[in-house]
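Enquirer: Before I ask anything, let me first share the structure, which is written out below as structure tokens.
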Amino acid sequence: MAGQVKKMLDQIILKKSNGNTVIMSTTKTKLILKGLNPDKFTALSEDNADIIKKVREVAAEMGVAV
Amino acid sequence: MNIKVAYSTKEKVEDIAEEIGKSLEGFDAKTVIFFASSKFDADAISFAMQKTFGDIPAFGCTTSGEIVSGHMLNQSVVAMAMNSRIIEDMDIQILQNIHEDPKGAVAGAFKAFEQKFGEPMADMDFQKYVGIILIDGLQGAEEQLMEKIGDLTNVTFIGGSAGDDLKFLKTHVFAQGKAHSNAALLVLIKAATTFDFIKTQSFAVSDKTLVATSVDPAKREVLEFNHQPAVEAYAQAVGVSVENVADVFMSNPVGLMMGDEPYVRSPQRTEGQGIVFYCNLLEGMELAVLRSEDIVRDTKIALGKKQEELGAISGIINFHCILRTLELKNKNQLDDYGKIFSSVPTVGFSTYGEEYVGHINQTATMLVFK
């Protein structure tokens, strides 16, 4: 499987921002500061269980269901 | 005039409070923010300032240098009063024991804000509300506080870490007439006017990158960059010998890149083969090596651009890194920097760290009111 991390990170940004571009940008910055840079993952990035676990934890902390 | 500033360079706390009080007399303030040198007794200055302004909330913190319109000061107190055309409503929460439980402290403060303003922090309009954060600068709690804030709300919190004139012994935040250590202030403002931010760091981004491959985030230490001892990899990237890395720390920090925008992480000291930073780095983070540029020129441009965007500026609160202040001092540019803000009511201080979305270094983060 591939692309799960990218999909989850994009969902966090979208849900947290409701599509507002300013909040999208800020949320992306917050993710990068947490060590999860959405630009470093693509639809072809291999699914890594540890990273997926971390993304789930971050989503929960941000109050977003992914 | 909806924002008015004052300052005092007197020696006695009572005289300072009196002078600032007189300067702001007749101004219908909704709140007063003040920054005071650590040379003053912290409890005494907080008490005196609150007593001077009576029921008007007066809050602030200790510094490593103060900023007021036109001047970069030392061993003074600077203050800014804002009226109801700037602030519709506000609440100040004191977060205690931030070293032990930073995230719990934020959650508690946010509950209080929700009760006061009657809406969840998660739903608050980020264009209507803005937060100020002032933190004891010696607890190493900034990252966790900012992360928790960012998790719970889209409201921007901007601010700085309190200083103590480079003694690195004890810093304080001021609220309710008292001084608090191991504490932070969160101030949530429902603005009556438009507000915006300036974040400027005056660095050029080089094409050299370092990836943190072994870290100790709790100590803010990087053990390895690019799978090499951190000191060695950094020295290679900057182009200096291992023995001389500390000499270029100030002019060559590293930046976590958000597009073209660096979030600066400043090296503090070497620790064996590792490098301790002023804020933490996580494993896997890719960083650009930065090169210092002209702070005065860069700040003039940033302020001019903001003035153009907003049309007019009523006031600025400037959270200005002490490392930038030291660089300005080394280059004999302190006066030039102060003069940039001559025509705008401005207060600020030289910080032990700046806050904007996260915890950053060697940056000026400014809250700008239209």
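Enquirer: Could you tell me how many of the residues in region B:44-84 are part of a helix (DSSP H, G or I) and not β-branched (Val, Ile, Thr)?
Expert: 8
Enquirer: Further question on the same structure: Among B:Glu114, B:Glu88, which is open to solvent by 30 Å² or more (accessible area, probe 1.4 Å) and touching a Pro at 6+ places or on another chain (Cβ under 8 Å)?
Expert: Every option except B:Glu114 fails the conditions.
Enquirer: Considering only residues of region B:227-263 that are within 25 Å of the chain's Cα centre (by Cα) and among the β-branched types (Val, Ile, Thr), which is least open to solvent (accessible area, probe 1.4 Å)?
Expert: Among them, the one singled out is B:Val254.
Enquirer: For region B:135-164, which positions are within 16 Å of B:Ile322 (Cβ to Cβ) and either within 14 Å of chain A (Cβ to nearest Cβ) or in contact with an Asp or Glu (Cβ under 9 Å, 6 or more places away or on another chain) (or both)?
Expert: B:Ile135, B:Gly137, B:Leu138, B:Glu142, B:Gly159, B:Gly160, B:Ser161, B:Ala162
Enquirer: So, one more: Looking only at region B:177-216, which residues are open to solvent by 20 Å² or more (accessible area, probe 1.4 Å) and over 21 Å from the mean Cα position of the chain (by Cα)?
Expert: B:Ala192, B:Thr193, B:Val205, B:Ser206, B:Asp207, B:Lys208, B:Thr209, B:Val211, B:Thr213, B:Ser214, B:Val215, B:Asp216
Enquirer: Within region B:21-50, how many residues turn out to be open to solvent by 40 Å² or more (accessible area, probe 1.4 Å) and at negative phi?
Expert: Residues in region B:21-50 being open to solvent by 40 Å² or more (accessible area, probe 1.4 Å) and at negative phi: 9 in total.
Enquirer: Has region B:326-334 got any residue that is open to solvent by 40 Å² or more (accessible area, probe 1.4 Å) and within 14 Å of chain A (Cβ to nearest Cβ)?
Expert: no
Enquirer: For A:Gln4, only one of the following conditions fails: (1) within 13 Å of another protein chain (Cβ to nearest Cβ); (2) of a type outside the set (Phe, Trp, Tyr); (3) buried (at least 19 other Cβ atoms within 10 Å of the Cβ). What is its number?
Expert: (1)
Enquirer: Can you tell me which condition B:Glu119 does not meet? The list is (1) over 28 Å from B:Pro217 (Cα atoms); (2) within 14 Å of chain A (Cβ to nearest Cβ); (3) open to solvent by 10 Å² or more (accessible area, probe 1.4 Å), and all the others hold.
Expert: (2)
Enquirer: Give me a count of the residues in region B:304-335 that are touching a strand residue (DSSP E or B) at 6+ places or on another chain (Cβ under 8 Å), under 16 Å from B:Phe203 (Cα atoms) and not charged (D, E, K, R).
Expert: Final tally of qualifying residues: 5.
Enquirer: Which residues, taken from region A:7-37, are within 16 Å of B:Met124 (Cα to Cα) and within 9 Å of chain B (Cβ to nearest Cβ)?
Expert: Across region A:7-37, the qualifying residues are A:Lys16, A:Ser17, A:Asn20, A:Val22, A:Ile23, A:Thr26, A:Thr27.
Enquirer: Also, I was wondering about something else. Looking at region B:280-306 only, could you name the residues that are more than 14 Å from chain A (Cβ to nearest Cβ) and open to solvent by 50 Å² or more (accessible area, probe 1.4 Å)?
Expert: Result: B:Arg291, B:Glu293, B:Asp294, B:Arg297, B:Lys300, B:Ile301, B:Lys305.
Enquirer: Just one of (1) touching a strand residue (DSSP E or B) at 6+ places or on another chain (Cβ under 8 Å); (2) open to solvent by 60 Å² or more (accessible area, probe 1.4 Å) trips up B:Glu18, so point out which.
Expert: Tallying (1) touching a strand residue (DSSP E or B) at 6+ places or on another chain (Cβ under 8 Å); (2) open to solvent by 60 Å² or more (accessible area, probe 1.4 Å), B:Glu18 fails exactly one: (1).
The values are calculated or read from the model by the stated rules, or taken from the named source; none is laboratory data. All figures in this text were calculated on a predicted structure; none of them were measured in a lab. Note that each Cβ is placed from the backbone with ideal geometry, even for glycine, and that neighbours are counted across all protein chains shown. Surface areas here come from the heavy atoms of the whole protein model, side chains and all, with no ligands, DNA or RNA. Shrake-Rupley method; radii C 1.70, N 1.55, O 1.52, S 1.80 Å.
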